[in-house]
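See below for the structure under consideration.
The values are calculated or read from the model by the stated rules, or taken from the named source; none is laboratory data. Just so it is clear, the structure is predicted and the values come from calculations on it, not from any experiment. Note that each Cβ is placed from the backbone with ideal geometry, even for glycine, and that neighbours are counted across all protein chains shown.
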Amino acid sequence: MTHRTARSAEAMKRAQTLIPGGVNSPVRAFRAVGGTPRFMTRGEGPYLYDLDGNRYIDYVLSWGPLILGHAHQAVVQAITEQTVRGTSYGAPTELESDLAALILSALPSMDLVRMVNSGTEATMSALRLARGFTGRSKIIKFIGCYHGHADSLLIRAGSGVATFSLPDSPGVPPEIAALTISLPYNDLAAVESAFAQFGEEIAAIIVEPVGGNMGMVPPKDGFLQGLRAVTQSYGALLIFDEVMTGFRVRFGGAQGYYGVKPDLTTLGKVIGGGLPVGAYGGRKDIMDLVAPAGPVYQAGTLSGNPLAVAAGLATLKTLATEGVYEGLEARSAQLVSTFLDAGKRYGFPVQGTFLGGMFGCFFAEHPVTDYESAAQSDKARYASYFHALLDRSVYLAPSHLEAGFVSLVHDDVVLAETCEAIDSAMRAIH
Ligand SMILES: *Cc1c(COP(=O)(O)O)cnc(C)c1O
C-alpha cells in the first residue's frame, strides 16, 4: 500500500539547498511525523496530487482556507475574470467594499474592516490598534494559541513553534516578550488574577475563541463570557482571533456561535478563498483610529488585492447558503466518531472534538482542554497513524497539534473511503 515517494524525496533534497529546511512554512517539512513531505502538483475538489502521481483525500485544505475544496469553479472563475482586467491597481475598487459589506453583515460586532495580506498582519495590526486605543502596553495571550509570527505573539504559540521546541523564538527581544502575559487556555481564574495584578497596564486579551493550533480545543462553558466581563471591567479590549474559525465553524464565526461580542476581530484563511489575505475590524470608535481616518498607522502595497478579494467574495457567497454549516458539521462529526470508535476497537485511548468544518483527534487518556493536555497526547502514536493514513491516501496535518478541516466537496463517497481508511490505519498500527 506504500506510495511511491522518489520524486518528492528528490524535490525535497533540491529545495533544502535553496530554501531554509526546504519549505516556506515550517510544519510542511514533516519534522513532527518524520518521512518525506509530498510535493504537490495539483488540487481538485477534495483531492491533492503529488509529484509521484499519488492522489490523496485532503483534510489540511491549505491549513483551512479551502472550505469549498481545491479549484472550486466559482473561485477559479472569479480569479480568471479579474486577472484579465489586471492583478493590482494600488487604488480602491468597489470589490473591496463588496467584500467588506459581506464580512460586516456576517459579523455584527464589526462596524468597519481593513483588509491586509495575512493572518499575521491582521493580528499584529489589531494589537497595535488596541495599544493605540487604550494607551497601554501589555497584552494577554493563551499558551498554545497561535496568532501568527509577530514578535509580541510568538510566545508559547502552539503547533509549529511548539513542535520544534522553540517556546520563544530567538530574535524576539526579551523587552518585547515581557509585555506579553501567557496564561493557560480555559483558565479564567488565571486571567482574573493577572488583571488583579496588572489591570491598568493591559491593553487587550487576544484569544482563539476555539483553539485550533494545539489541535482543536473548544472553550469551556463561560470562558469566553468571562474574558468579555473582565476586559470590560478593566477597560481593556477583547480581540477574537478568528483567522481560522471565521466562516469555518459558522458563517458568523465562533463569536456568533458562542454569542460573545469582541471589540476587535481578526480574519484570514477562508475569507481569501486560497489567496493570501487577512483582515481586522471591530467597533467604529476603535477602527476610526486607523490611518488615514486616525493616527494608528497601517498600510499595504497589495492590501485589498483584487484577485484575493474576488476569490474571497466568491467563497463567502457560496457559503452563504442554507444548510452549509450543518453539512460541514455532519462531516466533521462522522470523521471524529469513526476515529473514536476505531480507537476504542483497537484499544487506544482517544479524544475528539469538532465544530462546523473543523475537527480534532487526539491519542489521549483525558479530554484536551489546554496546551498542556494537548501536548501530553501521544505524539509517536499520532505519527504512526498519520503515516498509516497517508499510505491509504488520506492526508492529515503532519503534526499531532493541528486541527483537521473538511470542505463542501468531501461528499459521502469520499467520507466513506476515509472512514474505511481510518479503521484500517488504526488496525495497522495496533
Ligand atoms: C493561521 C493563523 C494565523 C496566521 O495567519 P497567516 O495567514 O498564516 O499569517 C493567525 N491566527 C490564527 C488563529 C491562525 O490559525
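Filtered by the rule that a residue be modelled with pLDDT under 90 and among the polar types (S, T, N, Q), region 169-218 gives a lone residue, S169. Pairing each residue of region 104-130 that is farther than 18 Å from A308 by Cα and outside the structural domain of P92 (by TED's automatic domain parsing) with any residue that is away from the ligand (no atom under 16 Å from the Cβ) and not small (G, A, S), provided the two are 6+ apart or on different chains, yields no C-beta distance under 7 Å. Close Cβ contacts (under 6 Å, 6 or more residues apart or on different chains) running from residues in region 67-78 that are free of Cβ contacts under 8 Å to residues at least 24 places away in the same chain and surrounded by fewer than 23 Cβ atoms within 10 Å (Cβ to Cβ) to residues that are assigned to a loop (DSSP other than H, G, I, E, B) and not aromatic (F, W, Y) are absent.
Selection of region 390-410 for residues being among the acidic types (D, E) and either touching a Lys or Arg at 6+ places or on another chain (Cβ under 9 Å) or not in a loop (DSSP other than H, G, I, E, B) (or both) yields only D391.
Exactly one residue out of R31, R7, R14 is basic (K, R) and under 20 Å from the mean Cα position of the chain (by Cα): that is R31.
Going residue by residue through region 330-343, is there one that turns out to be buried (at least 17 other Cβ atoms within 10 Å of the Cβ), of a type in the set (V, I, T) and either assigned to a helix (DSSP H, G or I) or touching a Lys or Arg at 6+ places or on another chain (Cβ under 7 Å) (or both)?
Going residue by residue through region 330-343, those that are buried (at least 17 other Cβ atoms within 10 Å of the Cβ) are 331-332, 334-336, 338-339, 342-343.
Those left that are additionally of a type in the set (V, I, T): 336, 338.
Then keep just the ones that are either assigned to a helix (DSSP H, G or I) or touching a Lys or Arg at 6+ places or on another chain (Cβ under 7 Å) (or both); that gives 336, 338.
The answer is yes; a qualifying residue exists.
Do we find that T353 is under 28 Å from Y185 (Cβ atoms), buried (at least 19 other Cβ atoms within 10 Å of the Cβ) and in contact with an Asp or Glu (Cβ under 9 Å, 6 or more places away or on another chain) in this structure? In short, no. Quickly run through region 229-274 and pick out the residues that are touching a Lys or Arg at 6+ places or on another chain (Cβ under 8 Å), small (G, A, S) and within 13 Å of the ligand (Cβ to nearest atom). G246 - this is the single residue of region 229-274 that is touching a Lys or Arg at 6+ places or on another chain (Cβ under 8 Å), small (G, A, S) and within 13 Å of the ligand (Cβ to nearest atom).
Among the residues making up region 195-216, those that are more than 9 Å from the ligand (Cβ to nearest atom) and of a type in the set (G, A, S) are A196, G199, A203, A204, G215.
Restricting attention to region 128-141, the residues that are buried (at least 24 other Cβ atoms within 10 Å of the Cβ) and either within 12 Å of the ligand (Cβ to nearest atom) or among the charged types (D, E, K, R) (or both) add up to 1.
In region 280-292 there is at least one residue that is within 24 Å of T87 (Cβ to Cβ), at pLDDT 95 or above and within 14 Å of the ligand (Cβ to nearest atom).
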